[in-house]
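Read the structure below first, then the notes.
Coordinate-derived values only; no laboratory data. Every value quoted in this text rests on a predicted model; they were computed, and no experiment measured them. Positions of Cβ are generated from backbone atoms using ideal geometry, with glycine treated the same way; all protein chains shown enter the neighbour counts.
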């Protein structure tokens, strides 16, 4: 199943065309702001550059957060519009899943980690995520958990604790999120109660 994955919840504009774990095409760039203006042209360029005119993926996955309020809404609106135009299903992945996936891919022995994003204003949002990439919930965190589990994601850079990586969510990892861990295409905000 060929999937178009979108992530606009962070300073990164991240778009990927994936087939399972294989990344067929990818655009990942730190742009800060301007996701609304850049997203659709980058999707068009990615699809045209990989598969030519008229190509449609089998589904769309969109980063539903937590992260930037505006960025999340831009990504979800675009994903829903593309899904409707192409008549393909749309599902959500969390920013935390996209942060955790590369760490699990790099270390087959890793059982769980704290996936963290920079929630702005010096705050960190995150969740404990297992190898199945499912999280029991998410929320704002006051300090590193201190439970010995590793940290991953841009939020980890705000704490003086070593991390596996401090990258923003990357749509190229969306193909590793199993169907059982997918979410509805609805926003998850950092300040929301754990889901």
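The table below lists the values:
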{"read-out": "Angle in degrees between helix 35-51 and the longest Cα principal axis of the chain, rounded to the nearest 10", "value": "60"}
{"read-out": "Among 155, 92, 137: highest mean-square fluctuation, GNM of the chain, C-alpha pairs under 10 Å", "value": "137"}
{"read-out": "Using alpha-carbon coordinates, inclination of helix 95-106 to the longest axis of the chain, degrees", "value": "80"}
{"read-out": "Estimated [θ] at 222 nm from DSSP helical runs (n ≥ 4, -39500 (n - 2.57)) normalised by residues in the chain, nearest 500", "value": "-8000 deg cm²/dmol"}
{"read-out": "Highest-fluctuation residue, 68, 14, 94 considered, GNM on the chain with Cα pairs under 10 Å", "value": "68"}
{"read-out": "Sites residue 50 and residue 70 - FRET efficiency at Förster radius 30 Å, r taken between beta-carbons, to 0.05", "value": "0.60"}
{"read-out": "Spin-label zone in segment 77-97 - amide nitrogen under 14 Å from a point set 7 Å from the Cα of residue 179 along the C-beta vector", "value": "89-91"}
{"read-out": "Nearest 10 degrees, 0 to 90: helix 69-86 Cα axis against the chain principal axis", "value": "30"}
{"read-out": "For the chain, built as a Gaussian network whose Cα springs stay under 10 Å, the top-fluctuating residue of 162, 11, 150", "value": "162"}
{"read-out": "For segment 96-158: relative contact order, % (alpha-carbon pairs under 8 angstrom, 6 or more apart)", "value": "38"}
{"read-out": "Percent of alpha-carbon pairs separated by more than 16 Å within segment 69-133", "value": "58"}
{"read-out": "Expected-Rg normalisation [2.2 N^0.38 Å, Cα atoms] applied to the chain", "value": "0.96"}
